[in-house]
Every structure is written in C-alpha cells, then in structure tokens.
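Engineer: Quick one: the structure is below, questions incoming.
All of the numbers you see were taken from the coordinates with simple rules; none came from a lab. Just so you know, these numbers come straight off a predicted model, no measurement behind them. Here Cβ is always computed from backbone atoms with ideal geometry, including for glycine, and neighbour counts include all displayed protein chains.
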Amino acid sequence: MANVRMHVLVCGGTGCTSSRSLEIVDALRAEIKAQGLAEEVKVVIAGCFGFCEKGPIVKISPDNTFYVQVTPEDAKEIVAEHIVKGRKVSRLLYVDPKTTEHISDSKHMDFYKKQLRIALRNCGFLDPENIGEYIARDGYMALGKALFEMTPKEVVDEVKKSGLRGRGGGGFPTGLKWEIAASYKADQKYVICNADEGDPGAFMDRSVLEGDPHSIIEAMAICGYAIGASKGVVYIRAEYPLAVERLQKAIVAARETGLLGNNILGSDFSFDIDMYYGAGAFVCGEETALIRSLQSERGEPTSKPPFPAESGFWGKPSNVNNVETFANIPVIFLKGAEWFASIGTAKSKGTKVFALAGKVNNVGLVEVPMGTTLREVIFDIGGGIRNGKKFKAAQTGGPSGGCLTEKFLDTPIDYDNLIAAGSMMGSGGMIVLDEDDCMVNVAKFYLGFTVEESCGKCTPCRVGNKRMLEMLEKISEGKATEKDLGRLRELASIIKDTSLCGLGQTAPNPVLSTLDNFYDEYLAHVRDKRCPAGKCKSLMQYVIDPAKCKGCTMCAKVCPAGAISGKVKEPHVINQDKCVKCGACFATCKFGAISKR
Amino acid sequence: MINLNIDGKYVKVPKGATILDAAKQLGIEIPTLCHLDLHDLGVVNKAASCRICVVEVKGRRNLAPACATPVTEGMEVHTNTMRVLNARKTVLELLLSDHPKDCLTCAKSGQCDLQDLAERFCLRENRYEGGAQSTYKKDVSPAIARDMDKCIMCRRCETMCNDVQTVGALSGVNRGFNAVVAPAFDMPLEESVCTFCGQCVAVCPTGALVERDYSWQVIEAIADPDKVVVVQTAPAVRAALGECFGMEPGTLVTGKMASALRQMGFNYVFDTDFAADLTIMEEGAELLDRITRFLSGDKSVRLPILTSCCPAWVKFFEHQYPDLLDVPSTAKSPQQMFGAIAKNYLAEKLGIPREKLVVVSVMPCLAKKYECARPEFAVNGNPDVDISITTRELAHLIKRANIDFMSLPEGDFDSPLGESTGAAVIFGTTGGVIEAATRTAVEWLTGKPLDDVNFTALRGLEGCREAKLKVGDLELHIGIAHELGNARKLLDSIRAGTVEPFHAIEIMACPGGCIGGGGQPYHHGEMEIIRKRAQAIYREDEGKTRRKSHENPDIIKLYEEYLGKPLGEKSHHLLHTHYFKRHKI
C-alpha cells in the first residue's frame, strides 16, 4: 500500500455539493496527478463539516488546515502552494470577523470552539463510502463489545444509564423505549430508523447519513441485539439522494464484511437492514404514520396505544428511533454511559445538533452540549445577528415549536427548559429572527407548513389548523378584531387538546407562543392596522414626503399601477387605493422622499 | 377484569374494552360519529378521526378518544366537564364549517348523524366559519351518488370497501384540508372496481354517499297512461320497510306493502319471491346436473357451483377472479329472471309489446340498480327491469303518495307472478339461497319428500360457514359466505387446497345477506336491527304453507305453459346469463 502523506478532505454534503464541491474534487485530483503526487496525496469526499455559511470547505490533514469558500479554480493554487511547497493559501483561510486574523485550524474558530461533536463525530473526518475508515476510527467496536461482553439486558441498561433521549422531537428516554420493545415476546421484531427528517431547515440527520452512515448501521444492530430483533428498516426520504446512495453502499459494505447478515462477527446474532423510501410527507415522521407508510398504506397516524413497541411494523413489536439518536449509540458503548451522562443537564444528557439558520452570521450545523445557552449558540457560535440588527427571537423545534425571546437568551437549552419556555426541542431546527421579522408572519409561515402537511385524518388538524391560518391571514390583512385574537387562542388550545397525533397537537405552538410573547404586535395589527416590522403588505403604505419631493416625476414614471400623480417640480402623491406596494417608487426616488409607513 | 371510574361511577369491564364500551355499560352515552362497531359481522371502524367522543382521563395531558382508548386499571374518566363539552362543540363547529348547509334538500336529511349531533349539541352559531370550502365534482354512477363536499373523513366507507369487502375502490386521497375519500386518481366510481354493494352508503354518516334516486321516474311511469307498470319486491324489503314508519325492527309488513303499492297506482303488484322460486328451479337443476355428471366421472365439471343471485358478488368475481368465470351458476338473479319473464311471458299474456310494460323492482340493494342497467339484460335497448329502487326510496314514495302506512289493510300479491314459497323468502338472509336450493335438490336427488325443511346448520351470522348434509350415499359439502372479504377468504382457501372440496357455495356481498343491503333503512350501527330482520325472514318462511320452490303451483304452471323444463332451451335463453372479464384495478 502506498504511503499516503496527506489527505485532502472536501465536503460532499448536499450544501457544498450544490456549490460545486465535487468539481473541486475533480480539479484537485487532476492537479495532484499532474504534479505526480497521486500516490502520496489522497482526495477524500467527506461528510458535512457543519460550517455551511463558509462552504465549500476543503480540509487538509494532517496539518488541519481549513479552507473556506473554495472554488474549483482554487485547486491549482492549493496543490501548488500547500501540497507541493507546504505554504498555506492565506486568502482561503477563515478570517475572524472580530480580530480580522486568518485562522488556519478550525478548532480555534469561534464557530467550533464551543461545539462538542458526538453525533457528528465522524462527519468531515472520513470517507463515508469506505468502511475501512470507519473501522479505523473504532467503528463497529461498540457492536463487538455489545455482542461479546454484554447481555441484551445489559445493553438496554447501558442506554438507560446514559440518559439518552430521543432526538427526533418527543425526547422520550431511549433506553426505556428499548426496554419496552425488549419486553414483548414475538417471533419477529423490528428496529426502525426514522430518517424522514422533515422540519423546515433541519438537516442533521441527512448530514449523519451522508457523512457517517456506518454509525447508524452499527447502532441499529446494537439495538437489534438489545430488543431481540433480526431485522432493521430504514425509512428514508427519497428527496435525500446522496444519503440514500451512501447508506445503500454502507449496507452493502457491512454485509460484505460480515457486519450485517447471519452470525455477525461469529456470534449467534443475525441482523440485516432494508431501506424504504418516503414519498415526501412530513407526517410520516410520526412513528405510527411511518409504519403505515412502510406497509404501503396511506401515511396516517393511528391512535396510541397500541404503541409500536407492542404492535408496530406488520403488527410486530418495533422500536423506532431517529438518525441522530442512533448516531449517539456507538459512542455510549465506547466511552461508557457515565461519560455520556456527565455531559449535559440533569434530565437532558449528551449533546444536541442544531441547524442554525435565519438572520445569524454563521449558518450551519452546530452540535453543543445540552445546557448550552441560546446566547452562546447564537452569538458565540453563530457570530451574532446579520448586518448588526437587533435579535428578536429564536424559533426552535420546527413547525411544532415556538419562539424564544430575549428573556430566554441565558436559559440553558434542554428538553424541559424549552418546553417550559413555550417551545420545544423538536428535531433541532433553530431559526434566528431579527427586528425586521413580523411575528404574525412567522406564525403564518409555520402554520402554513402544517396545514399543507396535515394528513387530513382528524377534524381538529384538518379543519382547525386551516381555520387558524385563515384567521392569521385576516390579521395580517388588517381585517381582524381583538375578538378574533381570543378566538384564535381558544381554537389553538382545543386543537392541541383534541388532535390525534403529535403533528396536530403541536401545530398551534407557533401561534400560541407568538401570542404569548408578542401580543402587542398582534394588537398593532388588529387595533392600529399596522405591522410594526413592515412585513405585512396589506398594512404597509408608501408615502411621499412633500418637503423632500422635488417633483422630478421619476416615481410616477416607474409606477406600474399609475398610482402616483403630481405636476413637474411639485410634490407628488400616491393614491393608496391604486398602489400595489411593489416598492418601485421607493427604489427609484433619489431624494429619499418616499418612505414606508 | 379492569376496574375504572367514569363520572364518579365505578364499573368493571373486560381487558381490551374501550372507554366507550365501559361508559355504555354505565348508561353514559358518549356521542360518536366516525365510530362503527358491528362486532358480530366483523365490521369495525376505529379510525378515531372525528374526535367527537373525546373525554378527560385523569393524568393524561390531552383529551382521549373514548372509542379507541382502552381502559386501564384505576382509570378516572370524566365525560361531561366544561373542557370536554367545549372541545366537542368546537370539533363540531369545525366539521360544520366545512360542510354544505343544504340539509333541506339533502338526501340524508333526517337520517344524518352529523345533523343529529348539531341538534344534540344545541349549536346555534358557528364561531369558526371559514372562507374557502373544498369543492369536489359530484360523481354519479347508476347506483351510487358521491358528494365529497359532505365527506367528514370518518373513513367508515373505506373500512367497508377495503377491510370488510376487500374491494379497494375507495381510499383517502389528498392531504390536509383537501383530504377526501375517493377512487384512485379520482376516477368515477363507475370506472373503478366498485361492485356497487352499497355498503359505503349503508354506513356513511352524512349525505356524502347516497343511492342514486330513481323514485321520480317511478311516479312518471305510473302517471303515464300508455304504460302498464308492474312492481316486484325482494324478500328482504318486507322485513325492513316497517322501520321507515317507526315500526319495531323485524316487523313483517308484506301485506301492508302490497296494499301500499296497489294504492300508489301500480297496475300489478308482483313478488320477486316468485322469481326466487324460479331461480331455485334453474340453479337447483344446474347443481343436480353438475353433481350427477361429477359422480359419473366427468372430470370437466366445475365444482363447487357458486350462487349468482347477488350482482355485487357477480361484479366482484368478474374483477377479482376473471379466471373463474365458468364456476358460478349461469342462472340470472331473481330480479332479472322476473324481468325476463315479465317482459316476455307476461307481456304476451297481456297482449302488449314489451316496450309498453314498465318493470319496477324494489330492492334492499344498490347493485340491483347497476344490474338492471347491464346491457346484456336488455332487448333492443329495452331493459328487462326498467327501474330499480331501494327500500328507502319506496318508503319515501309511500309517504309522498299520502298513504298512512300503519293503517293499511293486509293486501296480497297479484297473480301469476305473485305466488311464492317459504324457500323464496329466505333468499333475503345469508344462507337462505343455499337452504332453498338444498330443499329442492335433496328431494330431487332422493325422490323422497323431506321430513324437515329446516336446515338450521346453514343458518347464522358467522362470516364463513360450512355444513355437511347426508343425501342418500352422497355427503353434500356446502359453504356459505357473506361479505365479499369472507368470499375472498373462502375462494382463496379453495384455490390453495386448504379446505375440503365443496359442492356448492352461497355468496352474498352484504353483511347478513340482503337484509343488511345498501338499500335498506339505515341501521346506524345497531347490530340488533340486522339480527331481527333475519329472524323476521325465517318467521315468514315458517308461516308459509309451501316451503319448497318446486311446489309453487304458478312455477309449475309456468314451466308447463311456457318454459318447458329447467335448463331447457327457453330457460337457457331467458333465465341464464354469462359473465365478463373485468380489470383488476
């Protein structure tokens, strides 16, 4: 085997790929070959590094140089300078916005400093399509330990002791879930991996599957051993082609290596995994709907009990965990449950991955210990609010979550604190809002999503959420009254109380949480017919300040609706009845005479 | 047993019971809408989707659907707190906010479960009226009319169509607010695998699925001075029609019905039972023929013979078992036999052309509407049966004709197509056709009169039944299935060779047979109603002086005067049919 002295890791996650990272790989390989270095320098398509804001990312090991926003055209220089001459290409290094210093090693960047990567431990560090690299990083050792040193009950107990809770939304204790599934006797049981990640903006599961697929296979096998299941099922979104491809390859490689199939590692334990594709329904992330979908039925939740642990896939006991939950499992066995339980807060152990997005400087995938504050995530890791604007709220928990205001900035993030603050962990979406965001609009956006994604089975979700959305539309159009706000709140609470599944029970959360935290903003819409953030088009007016208007007629010329009139060199006026609020006049006026009101 | 407390009262129920079951035991009537439980017939819809039945369970975060929540030891349930009542009221307001308010002209008015709830909840305004209501095109087939604007997604129809009947014509389509139950790709029901059994209509709580109403055509025909209008009524109708006039389920109204029909102006009031006796003559002869040939070593004989009286079952096997088209009896159904005899024999007797004769059938069935429109049952475009109406439509016609049904005298059917035996009456319930056939076949086989005509082994409401009858040296193996899902089970097990070979099998599409047909008065989920109708049918049989089809004097006369003999040339031409291969999806 050739002695490889250097690895060039290029992010092959979906985000960087769409920014031409695969072209970078080709360019690097061509250049390395041209320089005659193909034997000693290896280019690896790695998983997501998380710092999507600065993608595409190229990392060179062993010196851990972290290049950001690389283009295929940069390949030549990277090879010629860094690889051949050992000189770093400083223009491609990350620049610290505070100190303006060039930082070469990612561990010194604010974005990574406070992160602790457990679920994402291998993402960006190995070639996900090479099982050997996973094994070299202690892969499948946890499975070996479970199979040969522990009884199934001890495996369950270890997970229980770790305090791991489901990362998919509900936060149910994983060990307890395994224990319940293990307690049922059946001729067949199933381990189901929920890879139907659907929260808008969340992509941690995709990143794990793309960057470290073997960790999921290993964890599912451990779970199979623990609960007595010989079959595993991955329910994965068909809209994740890269994740599908990598997981498929990983399953084949695991089978070929004897890590899936009969008598794994020579033990009595047999386990194999099948993949099923979701057809793009958010509700299929709900475990009973997921199971129906697996059975080729309409993806609709069913009443619980019975829970899947008792009667799941084909009526057999089934344990459903999501990707991120599984990604934590091997580490718990390698480093021990005590180590895992030492991270986090009293009732929330380990770390949580957040998909940081919105009006924050560093968007990307962030993994922090439970108990990290919102301020640390948004201001330290996220680098603060874009364009120096003021922080308004952080929306967490996806469409089922709520908005956290400034007063919660220093609250340690964990399952229970988020619920107490009127939001939830969800799958870890975190969207940062600034002063320009209208909270009615935010509620409308999330509710619009759930209305679209409701399966339509139960009345409160099917009709109730639609009615709430209509009320929100009325509010943002200035047609609602204060009485409507009361009705909105009442309907929201009844939908929570009566809906069949988690989707309906949590759909009103964005409405309730914005009503709770931003009631004044709602009042401004209904009482003063005004949108303080200036986002609600129907409530906004463009007006011309006669003192500043020179009568140049430019605005009247660009107005597509013929709404502006006035004589040359005399102040113009906008006819509000005709105005379509396109903003053309506002953009055209050279004298700053037009303003939004 | 599980102990729990509901509204302060203690109750003990078996494990697996729901809160709804337990409450019922205490006399607490929790309102339901989507829930349906005809347990003895295997018909259970536990979608828990409407959320009308929500109750408060101590220690539970949200409200629980009583219909689908199993009881647990020590459970404390409250069914009428402010929280519960407000939730129910809101759920109902939401349902109504997406429902047309055309109760006055709705076919389901007075029988609508949603309307009943609105009345029960004293709803006087709706706080949650919404703007856009989803609008679907109406789908009208020869038998069933669908108006999905009235669908409340209870999924009862889907349960009937998929789980009970295994037809699979209806399923949920679209998402969220636009979700609705429809055939795949929103194709018209007529183009789908629908068998028109009408069980979806029988259980629909609103006016979303109703029969296609032909009652006005009946009024027009009677009013037409150029037409001679005759009516035939199926056996199951007389055991249920009374319910529409407030009579106890299971009341027989044969005589009143005949009087009402005469008063309405039909020229002749006949009986489908006459044609049922005729069916036994033909089907019995066919059974005898196949068995005799089989016993003499003819390997080409297809056994078991399957009955063919039920048009939904006929359409079902045409779609689902196109390779078995030569197995069922070729005998037409009683409705169509009647039509063929009326339009030929009777028209000749009356000296009028067939076009002048209008044959109306009153059926417990929706598939009969489809059946009489099948092109092979028409001569030069003139159908043997012109109009088929349901028991429910007949009740409406009687009311419209200002007839006080309760005070009517006991009338009688006209001659010659009105005479019938007890064997014909039991066609109306599951097992009846095969019992009637057995009465005749056994006498023909042995040449000796039966000691006892009651073959009780063939009776009951179990979905799949079998019985062995000793007839001379032969042991007749008979199977019975009602509900198409049970029929499928039976056929598949015959195919798989997991059951002993049968000689004859009776199949009826509807739960309980025709008494539970899609055209009968709505049972609103009451199992007892179906049971009582069955009892009434057997009562009618017992009261008859003649209880074997081949002893019907008018049938004997018909063969002497006109048909010749069973399976003869004329019979073959008028009373037998053939089947068509149809697509599977």
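Engineer: Using just the helices of chain A, give the 222 nm mean residue ellipticity in deg cm²/dmol: DSSP H runs with n ≥ 4 each add -39,500 (n - 2.57), and the total is spread over all residues, rounded to 500.
Structural biologist: Rounded to the nearest 500, the figure is -10000 deg cm²/dmol.
Engineer: Go through A:85-94, A:332-341 and give me the packing order, highest mean Cβ count within 10 Å leading.
Structural biologist: A:332-341, A:85-94
Engineer: Does anything in the stretch A:74-91 have its amide N under 13 Å from the 7 Å Cα→Cβ label point of A:Leu37, and if so which residues?
Structural biologist: Answer for the stretch A:74-91: A:75-89.
Engineer: Please compute the Kirkwood hydrodynamic radius over the stretch A:439-526, one decimal place, Å, based on all pairs of different Cα atoms.
Structural biologist: Result for the stretch A:439-526, one decimal place: 12.5 Å.
Engineer: If only Cα atoms are counted, what is the Rg of the stretch A:243-351, and what is its Dmax, in Å?
Structural biologist: 16.8, 43
Engineer: Rg to Rh for the stretch A:452-597: what is it, with Cα atoms only and Rh by Kirkwood?
Structural biologist: Using Cα coordinates only, the ratio equals 1.17.
Engineer: Can you give the % of DSSP beta bridges in the protein assembly as shown that are antiparallel, to the nearest 5?
Structural biologist: 55 percent
Engineer: Is there a pair in B:Lys256/B:Lys356; A:Lys444/A:Lys535; A:Lys177/A:Lys349; B:Lys448/B:Lys470 whose C-alpha atoms are over 20 Å apart, and which pairs would that be?
Structural biologist: Beyond 20 Å between Cα atoms: B:Lys256/B:Lys356.
Engineer: Still on this model: If Lys and Arg each add +1 and Asp and Glu each add -1, what is the summed charge of the other residues whose beta carbon sits under 13 Å from the beta carbon of B:His39?
Structural biologist: Cβ neighbours under 13 Å give a net charge of -3.
Engineer: Let me ask another. Return the subset of A:Lys189/A:Lys347; A:Lys479/A:Lys581; A:Lys185/B:Lys15 for which the Cα-Cα distance in this structure is over 21 Å, preserving the input order.
Structural biologist: Exceeds cut-off: A:Lys189/A:Lys347.
Engineer: Something else about it: Just in the stretch A:9-83: which GluC sites (Glu not before Pro) are loop by DSSP and have at most 16 other Cβ atoms within 10 Å?
Structural biologist: Passing both the DSSP loop test and the Cβ count: A:Glu39, A:Glu40.
Engineer: A follow-up question, please. Show me A:105-115, A:313-323, B:327-337 ranked by packing, highest mean number of other Cβ atoms within 10 Å first.
Structural biologist: Taking the mean over residues of other Cβ atoms within 10 Å, the ranking is B:327-337, A:313-323, A:105-115.
Engineer: If you don't mind, another one. Based on C-alpha coordinates, I'd like the Rg and Dmax of the stretch B:529-585, in Å.
Structural biologist: 17.7, 48
Engineer: Follow-up. Enumerate the helices in chain B for which the Kyte-Doolittle hydropathy averages -1.0 or more and the C-alpha atoms extend at least 30 Å along the helix's axis, using complete DSSP H runs.
Structural biologist: Length and hydropathy pass: B:272-295.
Engineer: If you don't mind, another one. On the principal axes of its Cα set, how long, how wide and how thick is the stretch A:541-596? Give whole Å, largest value first.
Structural biologist: 24, 19, 15
Engineer: Is there a simple number for the mean count of other chain Cβ atoms within 10 Å of the Cβ of residues in A:485-494, and what is it?
Structural biologist: The mean count of partner-chain Cβ atoms within 10 Å per residue comes to 3.
Engineer: Calculate the radius of gyration of the Cα atoms of the protein assembly as shown to one decimal place, then report Dmax, the largest Cα-Cα distance, as a whole number, both in Å.
Structural biologist: Just the Cα atoms of the protein assembly as shown yield Rg and Dmax of 37.1, 119 Å.
Engineer: Which value in Å does the Kirkwood hydrodynamic radius of the stretch B:371-412 take, with 1/r averaged over all unlike C-alpha pairs and then inverted?
Structural biologist: Kirkwood hydrodynamic radius for the stretch B:371-412: 12.7 Å.
Engineer: Pop a pseudo-label 7 angstrom from the Cα along the beta-carbon direction at both A:Gln69 and B:Asp289 and give the gap in nm to one decimal.
Structural biologist: Output for this residue pair reads 9.0 nm.
Engineer: Take the Cα coordinates of the stretch B:489-542, assign each an equal point scatterer, and use the Debye formula without solvent to give log10 I(q)/I(0) at q = 0.14 Å⁻¹.
Structural biologist: So the normalised log intensities are -0.55.
Engineer: For B:Lys368, which lysines qualify as cross-link partners when the Cα separation must be under 21 Å and same-chain residues fewer than eight apart are set aside?
Structural biologist: Correct list for B:Lys368: B:Lys108, B:Lys315, B:Lys332, B:Lys343, B:Lys581.
Engineer: Next up: Points 7 angstrom from Cα along the Cβ direction at A:Ser18 and A:Lys479: gap in nanometres?
Structural biologist: 3.4 nm
Engineer: Moving to a separate point now. In a shell of Cβ-Cβ distance under 12 Å around B:Ile556, excluding B:Ile556 itself, what net charge do Lys and Arg (+1) and Asp and Glu (-1) give?
Structural biologist: -2
Engineer: Under 12 Å from the Cβ of A:Thr372, count the other residues' Cβ atoms, weight Lys and Arg +1, Asp and Glu -1, and hand me the total.
Structural biologist: -1
Engineer: Also, quick follow-up: Sequence gap of 8 or more, or different chains, plus Cα separation below 19 Å: how many lysine pairs satisfy both in the stretch A:351-434?
Structural biologist: Within the stretch A:351-434, the lysine pair count is 7.
Engineer: So how many Å³ per residue does the convex hull of the Cα atoms of chain B work out to?
Structural biologist: Here the figure is 171 Å³ per residue.
Engineer: Sticking with this one: Give me Rg/Rg_expected for the stretch B:1-76, where Rg uses Cα atoms only and Rg_expected = 2.2 N^0.38 Å with N residues.
Structural biologist: Cα-based Rg divided by the globular estimate yields 1.04.
Engineer: Gain in length, B:Glu376 to B:Arg302, computed as 0.36 nm per residue apart minus the alpha-carbon separation, to one decimal in nm?
Structural biologist: Stretched out fully, the B:Glu376 to B:Arg302 stretch lengthens by 24.3 nm.
Engineer: Ok, one more. With 5 Å bins from zero, work out the P(r) of the stretch A:6-108 over every alpha carbon pair and list the percent per bin.
Structural biologist: Using 5 Å bins, I get a P(r) of 3, 14, 26, 27, 18, 9, 2, 1, 0 for the stretch A:6-108.
Engineer: Within the stretch A:579-597, list the residues whose amide N lies under 17 Å from a label point set 7 Å along Cα→Cβ of A:Ser565.
Structural biologist: A:579-580
Engineer: Within straight cross-link reach of B:Lys565, meaning Cα distance under 16 Å, which aspartates and glutamates are found once same-chain residues fewer than 8 apart are removed?
Structural biologist: B:Asp277, B:Glu282, B:Glu283, B:Glu286, B:Asp289, B:Glu551, B:Asp554
Engineer: With no solvent and one equal point scatterer per Cα, compute the Debye intensity ratio I(q)/I(0) for the stretch A:314-353 at 0.19, 0.24, 0.28 Å⁻¹ and report its log10, rounded to two decimals.
Structural biologist: With one equal scatterer per Cα and no solvent, log10 I(q)/I(0) is -0.63, -0.85, -1.01.
Engineer: Please work out the ratio of the alpha-carbon Rg of chain A to 2.2 N^0.38 Å and round it to two decimals.
Structural biologist: My calculation over the Cα atoms of chain A gives 1.08.
Engineer: With no solvent and one equal point scatterer per Cα, compute the Debye intensity ratio I(q)/I(0) for the stretch B:368-511 at 0.17, 0.21 Å⁻¹ and report its log10, rounded to two decimals.
Structural biologist: -1.14, -1.27
Engineer: Which parts of the stretch A:557-597 would a label at A:Gln541 reach, counting a residue when its backbone N lies under 11 Å from a point 7 Å out along Cα-to-Cβ?
Structural biologist: Hits in the stretch A:557-597 for A:Gln541 at 11 Å: A:574-577, A:597.
Engineer: What's the FRET efficiency of A:Lys407 with A:Ala587 using the Cβ-Cβ distance as r and R₀ = 30 Å, to the nearest 0.05?
Structural biologist: The value I calculate is 0.20.
Engineer: At what distance in nm do the modelled label points of A:Lys389 and A:Lys161 sit from each other, each positioned 7 Å from its Cα along Cα→Cβ?
Structural biologist: Each label point is offset 7 Å from its Cα along the Cβ direction, giving 4.9 nm.
Engineer: Using a Förster distance of 35 angstrom, determine the FRET efficiency expected from the C-beta separation of A:Ser230 and B:Val44, and round it to 0.05.
Structural biologist: Between A:Ser230 and B:Val44 the formula returns 0.60.
Engineer: If you keep only loop residues by DSSP, which trypsin sites (Lys or Arg not before Pro) in the stretch B:29-121 have at most 11 other Cβ atoms within 10 Å of their Cβ?
Structural biologist: Listed in order of number, the matching sites are B:Lys58, B:Arg61, B:Lys101.
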